[in-house]
Amino acid sequence: MIEVDNLSKKYGDFLALENINFSVNKGEILGLLGPNGAGKTTTIRILCSYLAPTSGTIRIKDLDVQRNDIATREKIGYLPESAPLYKDMIVYDYLAFIASLRRINDQAIPGRIKELSATCGIGEVVHKSINELSKGYRQRVGLAQALMSDPEILVLDEPTSGLDPNQIIEIRELIKKISKEKTIILCSHILSEIEATCDRVVIINEGRIAADGTLDELKNKHGSASYITARFKDAAADSVSSELKTITGIDEVKVNSENDNSITARIKVSGSEDISSAVFNLAKSREWTLVNLNQESSSLESIFLELTSK
Amino acid sequence: MDKKQILNIARKEFSYFFYMPMAYIALFAFILATALFFFVIPFKITQPPIYPFFILGQSSIEGLIRLLPYLFTLFIPAVTMRAFSEEFDTGTYEMLATLPIRTSELVLGKFLASFLLTMVMIATTLFIPFTVMLVGTPDWGAVFCGYLGALFLAAMFASIGIFASSLTKNQITAFIIAVAICALFALFYDAMFFLPTAILTVVRYFSANYHVNNFARGLIDLRDIVYMLSVTVVFLFMTYYRLEIKLKSKN
């Protein structure tokens, strides 16, 4: 559906993107993840032919976005970061304006706006001025704008930034609801958001691709180290630390004495041996009371930190 | 280019303008300034000076048309300054420029809306020929010519204002740039009074006043029309290239 091929972008001397390659399949929700300033927005702006690349191409269904800007924009619904809207306009007038530019014919416009108001949950504010809307509603109006022509591709840049937790959940639900028949690119630096909504993740760091794959693939590939936390009672911190280290497969043990006389050990494990049983057996033989034993699965967060903090 | 897209942009721009109090303030100030200078205060910046109607006692609107380059220098930039600046500032330009619309359609749409707005401004001065009619018999042919000249001048200054607005996201800066360029066209002729007549006859072709004054006297000369249309087109092209270069440069 979308092919990004050797894409580079310079702003003067600053290299914002350096030979980026990735592709997005039809019907996929792709998360574009990276720290602020990594090049996510630049990539998206080139995709929407708002900016021109220094070299390389992006093709949508074999159409180069540079040479066929109008044709490719027709396939894309785009919600820029922080949903810029005309503040003094009435929501309805704004959506009608977008509809006219999307070449929806005049008779069909009221019906289309009604449909979108229902999908995006803006029915009760459609006759209000955009000025009066909360951030959450503005984001929804922005989303309605992006969905106007029922595009095949939906590009959302930080769709939940600046929203409160309830609004974030609502917007995510909304994205999931509309994701069924669309290809979506979701740009974010919030990991939980990508984890909650995306099938596949491309991690960009300093203008380069740091990782590309499904969440499971990334966890298998980059999440080689995993952690176990164990909490013991009736044990001495020193002995817990030294004895745990004798178990093969344990790399590192950090021990903390808690207020209630228990001891927490955070154990870094390499390889895939069954460390949990070994820890349990050790505790049994030393007569420590094992209060808690918890296996942390490697999260996107740890992968992200590992890949972007070099 | 798609005519429908141009009209879509123009319609929204034109109506959006009237959402804001700025529109009414600018229109009111324009009417007030026009009436004051036409009826009461002598305007001596230009040569020959424009004497007010009640002093001159001629049933003609020549003075009104000759005043317009100076008045438009202030009032047209005031209504065009937000055209692109505001969109850059609030980020709506990014949304607009990623819709299936060409830059040329966008520029022409914005220009058309601004031009329509200046036509509203010009229309508000129509009370002047009718007032003149109450006390005398104006030459309606000359009135028509004068207003035709006013429209060409408005188009020219509107394209300058749009261009200035495409340069910056700060509306005040856009206003100042547009006033400076318009003032150059409006004051050029008056400022060059010290030049020898032979040079002046060439130089005056670049001044907007010289051409407007022809219209004001009731002359329709193709050269005047060509001049004003060319300047309009040049500034529209510059706006177009400005927008394309701003975003489409490879570095």
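Brief remarks on what is shown
- Condition met for residue A:242 (touching a residue at least 12 places away in the same chain (Cβ under 8 Å) and not β-branched (Val, Ile, Thr)): no
- Counting the residues of the stretch B:89-109 that are part of a helix (DSSP H, G or I) and either under 23 Å from the mean Cα position of the chain (by Cα) or without any contact (Cβ under 8 Å) to a residue 40 or more places away in the chain (or both) gives 13.
- Tally of residues being within 14 Å of chain B (Cβ to nearest Cβ) and hydrophobic (A, V, I, L, M, F, W, C) across the stretch A:85-129: 12
- Taken over the stretch A:66-84, the residue count meeting the criterion of being of a type outside the set (Asp, Glu), more than 7 Å from every other protein chain (Cβ to nearest Cβ) and over 23 Å from residue A:179 (Cα atoms) is 3.
- Residue count for the stretch A:225-248 under the criterion of being of a type in the set (A, V, I, L, M) and more than 11 Å from residue A:265 (Cβ to Cβ): the result is 3.
- Residue in the stretch A:98-119 that is crowded, with 21+ Cβ neighbours inside 10 Å and of a type in the set (Gly, Ala, Ser) present: yes
- Hey, residue A:151 touching a Phe, Trp or Tyr at 6+ places or on another chain (Cβ under 9 Å), part of a loop (DSSP other than H, G, I, E, B) and under 21 Å from residue A:45 (Cα atoms) or not: yes
- Residue list for the stretch A:193-227, restricted to those being without any contact (Cβ under 8 Å) to a residue 24 or more places away in the chain and part of a helix (DSSP H, G or I): A:216, A:217, A:220, A:221
Yes/no per residue for (1) out of contact with any Leu (no Cβ under 8 Å at 6 or more places or on another chain); (2) at pLDDT 90 or above:
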| residue | (1), (2) |
| --- | --- |
| B:171 | yes, yes |
| B:177 | no, yes |
| B:181 | yes, yes |
| B:191 | yes, no |
| B:194 | yes, no |
| B:198 | yes, no |
| B:203 | no, no |
| B:208 | no, no |
| B:213 | yes, no |
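- In the stretch B:84-116, residue nearest to residue B:155 (Cα to Cα) [restricted to those that are among the charged types (D, E, K, R) and within 13 Å of chain A (Cβ to nearest Cβ)]: B:105
- Qualifying residue in the stretch A:166-181 (condition: away from chain B (no Cβ under 14 Å), in contact with a strand residue (DSSP E or B) (Cβ under 9 Å, 6 or more places away or on another chain) and at positive phi): no
- Pairs where the first residue, in the stretch B:195-206, is without any contact (Cβ under 8 Å) to a residue 12 or more places away in the chain and the second is in a helix (DSSP H, G or I), C-beta under 8 Å, 6+ apart: B:195/B:203
- Residue check, residue A:150 touching a Pro at 6+ places or on another chain (Cβ under 7 Å) and either closer than 18 Å to residue A:74 by Cα or crowded, with 20+ Cβ neighbours inside 10 Å (or both): no
- The stretch A:7-54: number of residues that are out of contact with any Gly (no Cβ under 9 Å at 6 or more places or on another chain), over 23 Å from residue A:74 (Cβ atoms), buried (at least 23 other Cβ atoms within 10 Å of the Cβ) and within 14 Å of chain B (Cβ to nearest Cβ): 0
- Every pair of residues 6+ apart whose Cβ atoms lie under 7 Å, when the first sits in the stretch B:216-241 and is among the charged types (D, E, K, R) while the second is assigned to a helix (DSSP H, G or I): B:217/B:62; B:221/B:214; B:224/B:211; B:224/B:214; B:224/B:215
- Sub-6 Å Cβ pairs linking a first residue in the stretch A:75-102 that is outside any loop (DSSP other than H, G, I, E, B) to a second residue that is aromatic (Phe, Trp, Tyr), at least 6 apart or interchain, are A:94/A:86, ordered by first then second residue.
The values are calculated or read from the model by the stated rules, or taken from the named source; none is laboratory data. What you see is a predicted model, and the numbers here were worked out from it, not measured in a lab. When we count neighbours, we look across all protein chains shown, and the Cβ atoms used for this are built from the backbone with ideal geometry, even at glycine.
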